[in-house]
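Following: one structure in structure tokens, then a few remarks.
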Amino acid sequence: MSSVTLQEKIARIFLVKPEESRVVIYNLVLFVFLGVGLALGRGTADALFFKRYGIEHLPWVYVLSALSLAASCTLYAAFADRLSSERFFKYILGVLSVALLLVWALMQFPDNDWSYPLYYVVYEVASELILIHAGLYLNQNLNALQAKRLVPLIFGGSQVGVILGGVMLAVLSPLIGVSNILLIWLLASVTSIVMLGRWHHRWGVSPFYRAARKRKLSVSDSMSDVFQGVRFMKQSSLLRMASFSLFFMVIMFYVLIYSVNQIYTETFKTEESLSSFFGILVAVNSLIALTLQFFVANRLLRKFGVRTVNLFFPFTSLFSYLMLLVSFTLPSALIGSFNKDVVMTAFRNPVWSLMMNVLPGNIQGRARAMTVAVVIPSALLMAGVLLLAIKALGSPVYVALVGLISAALYLYFSQRMNRVYVAEIISHLKQKLTLPDEDGNMRLQGSDNTILQDLIRGIQHPDDHIYLAYAGSLIKTFPEQATEIIVSRLPAAQSKVRDQVVRLLLPLQSKMLPEILWQLMDGADERFQSTCYFSLIKLRDEKVRQKVPDLLAHEQARFRAVGVMGAFYLDEKDLHETARQVWVELLSSDDYLANMFGLELLDMAEDMPALVDLEKVDVKHAVNNLTAVGDACSCLASLKVSAFLPSEQMGWFKEILMHLSTHVDRSVRIECLHSWMHMDTESALKAIEQALEDAHPEVRELAAELLNKLEADENTQFRSARLVEMGGSPRAQSAVMKSLVTSGSSKRYLSNMAMAKVEEVKQLNEALQVIRQVESQSAQSALSVLSIVLEERLKATIDLALQALQGSEDADVIQAIRMGMQSHEVQYQATACEALQGLTNKDIGRALTEIIEAPDSSKGSCFSGVEQVIDWCRKRNDPWLHQCAQAVQTA
Amino acid sequence: MDIFDRILLLKKSPVFEQTSTDDLRHVAQAMDIENYLKDERIFDIGENGDHMYVIVSGRVGISLNGNPKVKDFVAELGAGECFGEMNLLDNLPRSATVHVVEDTTVMTLDSNQLRQLIVRYPELALGMLKGLSLKLRDTNKNKS
């Protein structure tokens, strides 16, 4: 077996990707040194304090530790987001090294009894800060997807260190004396500093470090940071629940330490035997924790998810206290130690780190620091006070009872924490990706005067297009004031824009508009004049009635068409015959503009039923004439006849429609689709299927909508389902899916559709893996493109599955996940992936997560070889994928 | 040179790397092939131009010297690399002179062709925006 294969095997067992091996090895070694230090510190601090100072003083040391932790963590919080995590790590370890040297020197003087509680406090503060900061350091160096796989493994490195430390403690304590072990911890800290320095000197600052604002530091700033963190606790339900959970966990934890150490101190009579026992206990427990962490924790996390694993430790803690209540002896103490050293290390610590990952990156450090600056010290203080109070009662049963209650509350708040976890993920994604949730104008409706003033400023803008855009918004938000404000700017606008603005104002039916239009007409160009006449007729202005005969006789086709409209719209019966004659002349004219003005009158057919009777009027000439011109306006005008054509004229019009269905302008293609709906169902369906593959999303979406409408009439979803199941390009499928979701298809139907897409995702993933293997050995460009196309299809089909879920799950949540997946930021992708596990449909969430997190671990049951993959691609109803596969086969 | 070769070359350009192959195939089809001999200049610094180029084969040198005749190369580009892509979008004068170091074949696309393609295939523009946005992010990251 070659060494590469072995390396690959090891990497696969530990879920490490080849490109990650360097960073994993570095972090493992670093954490080994940290672990050695912590194990030496724990054992020596306990042994020295219990034997030289007395365990009965432990509650007081808890109180002292709480105060020291609060002060040091406030300082930590002040720096946490400002310095890169590696630099801060060096500072923490540097201060620790100096403190260890000082404490060791003090211990050399036999009269200095207080150096032991001091050392105990130094250990408590240092171990807490190192653990918290190690989590932040990993977060700044691994993305969230990596973190989920690698954090348990790297924390396993610290367990190796703890085992080594335990063995060293057991062996060296009798040889060199317990107090001299401090110097070995000092050495481990200095080595860690050197490692951090060298690594980051070579590879730069932590890749996910985002510096917070910079300012000069002061005590008040630090306090302000503490309060900011507390405020954030109020805003974030996850952090709030996590804080409560942590509070009771800390009480439970320290009461447990007190209980088990009481038993150990009574059992082991000398300082050396106690220290050696601690060494062996730490080594054994750490070995078990390490095994669990390496081989069980990450697999359980992937199988059951963060939320289930989060409950392991609360349950085992409850069990430990029950045992202590039943029997306050060495076996119960060993179970308690197992719980706090093994279960907590292997399951609780990695899960806590993962859950904190969900908080927004820029406040993560401060949020973590706040939990330690406020929550841990206050909980530790509470534990100290409770123990002091209970000590007076004299029985250890009361101590275990307090621990049991704390463990129960810890379990309760862990469950609450689980409930808000997914909500926090979604909220974070939404904030970061700023999802549009409603129409902007809807939000502005009924707004205050400030918004109105802003809109007025926009209306007065010298750029006509800005004026037009603001006019649209003002009409929707302040319809009552809109007319007066908008027309004040109208004379300065270009003729084309004036036309558009007047047409925008028409639906408001403002009483002041006719008068304004008559004023504006003076001196205006012919185009705008005709628009004014058109608008006045629409507003049924009395004065304009007298103008209709003149308009019918006008030399310009534009005005004659408005005259025809006036005669019928205002129901001037005397003019009907003349107007109809004028209309026929317009349609039969060789001037395409006359044809266009004539056909545009069909837009108002509902209001002028007397005009429209195409059985008696020949429109074919006008339609052909306009189609031959070919521009979008002419073509659009020609399509207006579709709704009015008698069935015997459909034949020639279908040919026109087929021709215009490939028009370069999307608005023509859109209008064509509407026109097809007036033809027979079979022709309409054929046109719709073709339009679903259109290059423009609006055309595709309309096609899907019309398909849905046709199917609703026929009371079947057969064709949509077939289109989605049989493939089609992802864009076509997406349009159909969107239409199915918005049309309110049943949840079960959409859920089945999503499941079908997940199966397709699995097939695509396997096909991609097969092609990638062959691609690396081939110079065929078609094969490389096929690989890219399959990858695109894989992502698009994942999105389709999620799109289908929008109808059966919380649509907002799914939308946020989709945005996260499409984002190019790995952190958001990872957060979205995490949110997938919170879906009601667990099967889909799990299947998608597996493929996204480990695409190359597919089981490979779909395809026997590359030929089968190519054949499968060729048979897909996806034109581009088919073309690529065909090219590969030909080559 | 078939459409698949062209797509693979375009995928290497920062402007098109994020564009879906569904849209990129239309760009690939619209591109022209041009050949240049050694010591020719593809364009000079300061001149107006709206073409982007992707090198199919050969080698070119980029000079920022104000005198276009001076071959003071700040970089040399080979097959698969592209230049002039920003002129597709900004229409500003060329910021460098491109000298042909070895006989070179390039694929070219002008802004007018691109505009027509975007009108017809609007999702092409979204892909290009993604590519440019990523490039901007990378630049910002490197700068910070």
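The values are calculated or read from the model by the stated rules, or taken from the named source; none is laboratory data. Every value quoted in this text rests on a predicted model; they were computed, and no experiment measured them. Because the Cβ atoms are built from the backbone with ideal geometry, glycine has one as well, and the counts that use them run over all protein chains shown. To get the accessible areas, we keep the full protein, side chains included, count just its heavy atoms, and leave off ligands, DNA and RNA. Shrake-Rupley method; radii C 1.70, N 1.55, O 1.52, S 1.80 Å.
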Pick from region B:1-55, criterion crowded, with 21+ Cβ neighbours inside 10 Å and acidic (Asp, Glu), ranking: farthest from the other protein chains (Cβ to nearest Cβ):
B:ASP23
Condition test on A:PRO350, is it modelled with pLDDT under 85, in the same structural domain as A:ILE426 (by TED's automatic domain parsing) and open to solvent by less than 20 Å² (accessible area, probe 1.4 Å)?
yes
Looking only at residues that are touching a residue at least 12 places away in the same chain (Cβ under 8 Å) and polar (S, T, N, Q) in region A:729-745, which one is surrounded by the fewest Cβ atoms within 10 Å (Cβ to Cβ)?
A:SER743
Would region A:417-430 turn up any residue that is open to solvent by 80 Å² or more (accessible area, probe 1.4 Å) and either modelled with pLDDT of 85 or more or over 30 Å from A:PHE312 (Cβ atoms) (or both)?
no
Region A:564-600, residues that are among the polar types (S, T, N, Q) and within 22 Å of A:THR531 (Cβ to Cβ):
A:SER589, A:ASN595
Name the residues in region A:283-341 that are crowded, with 17+ Cβ neighbours inside 10 Å and of a type in the set (Lys, Arg), would you?
A:ARG302, A:ARG307, A:LYS340
Please enumerate the residues belonging to region A:493-509 that are open to solvent by less than 20 Å² (accessible area, probe 1.4 Å) and closer than 21 Å to A:PHE478 by Cβ.
A:ALA493, A:VAL497, A:VAL501, A:VAL502, A:LEU505, A:LEU506
Evaluate the following for A:LYS620: is it open to solvent by 10 Å² or more (accessible area, probe 1.4 Å) and in contact (Cβ under 8 Å) with a residue 24 or more places away in the chain?
yes
Condition first: at pLDDT below 90 and either basic (Lys, Arg) or farther than 18 Å from A:ALA126 by Cα (or both). Now tell me which residues in region A:29-57 satisfy that.
A:ARG42, A:PHE50, A:LYS51, A:ARG52, A:TYR53, A:GLY54, A:ILE55, A:GLU56, A:HIS57
Exactly one condition in (1) surrounded by fewer than 20 Cβ atoms within 10 Å (Cβ to Cβ); (2) under 43 Å from the mean Cα position of the chain (by Cα) is false for A:PHE155; which is it?
(1)
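Residue-wise test of (1) away from chain B (no Cβ under 14 Å); (2) at pLDDT 80 or above; (3) open to solvent by less than 40 Å² (accessible area, probe 1.4 Å).
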site: A:ARG818; (1), (2), (3): yes, yes, yes
site: A:GLN822; (1), (2), (3): no, yes, no
site: A:VAL826; (1), (2), (3): no, no, no
site: A:THR831; (1), (2), (3): yes, no, yes
site: A:GLU834; (1), (2), (3): yes, no, yes
site: A:GLY838; (1), (2), (3): yes, no, yes
site: A:GLY845; (1), (2), (3): yes, yes, yes
site: A:ALA854; (1), (2), (3): yes, no, yes
site: A:GLY860; (1), (2), (3): yes, no, no
Among the residues of region A:736-748, is any closer than 23 Å to A:ILE852 by Cα and at pLDDT below 85?
no
Is region A:749-760 home to any residue that is in contact (Cβ under 8 Å) with a residue 40 or more places away in the chain and farther than 21 Å from A:LYS842 by Cβ?
no
Sole miss for B:ARG115 among (1) open to solvent by 80 Å² or more (accessible area, probe 1.4 Å); (2) within 12 Å of another protein chain (Cβ to nearest Cβ) is condition (2)
Matching residues in region B:116-135 (in contact (Cβ under 8 Å) with a residue 24 or more places away in the chain and of a type in the set (Ser, Thr, Tyr)) number 1
For region B:79-88, does any single residue satisfy the condition of being within 14 Å of chain A (Cβ to nearest Cβ), out of contact with any His (no Cβ under 7 Å at 6 or more places or on another chain) and not in a strand (DSSP E or B)?
yes
Sort out which residues of region A:877-890 are over 19 Å from A:SER784 (Cβ atoms) and outside any helix (DSSP H, G or I), and write them in order of number.
A:ASN877
Residues of region B:118-144 being open to solvent by less than 20 Å² (accessible area, probe 1.4 Å) and either within 12 Å of chain A (Cβ to nearest Cβ) or among the acidic types (Asp, Glu) (or both), which ones?
B:LEU124, B:GLY127, B:GLY131
For region A:765-789, the count of residues that are more than 10 Å from chain B (Cβ to nearest Cβ) and of a type in the set (A, V, I, L, M) equals 6
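I'd like the full set of residues that are part of a helix (DSSP H, G or I) and modelled with pLDDT under 85, limited to region A:774-787.
Scanning region A:774-787 gives A:VAL774, A:GLU775.
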If A:PHE313 meets every condition in (1) touching a helix residue (DSSP H, G or I) at 6+ places or on another chain (Cβ under 6 Å); (2) over 30 Å from A:ILE851 (Cα atoms) apart from one, which number is that one?
(2)
Working carefully through the options B:VAL74, B:VAL100, B:VAL70, find the one that is over 27 Å from A:TRP880 (Cβ atoms) and touching a residue at least 60 places away in the same chain (Cβ under 8 Å).
B:VAL100
Matching residues in region A:790-811 - criterion: being touching a helix residue (DSSP H, G or I) at 6+ places or on another chain (Cβ under 6 Å) and more than 14 Å from every other protein chain (Cβ to nearest Cβ):
A:ILE798, A:LEU800, A:ALA801, A:LEU802, A:GLN803, A:ALA804, A:LEU805, A:GLN806, A:GLY807, A:SER808
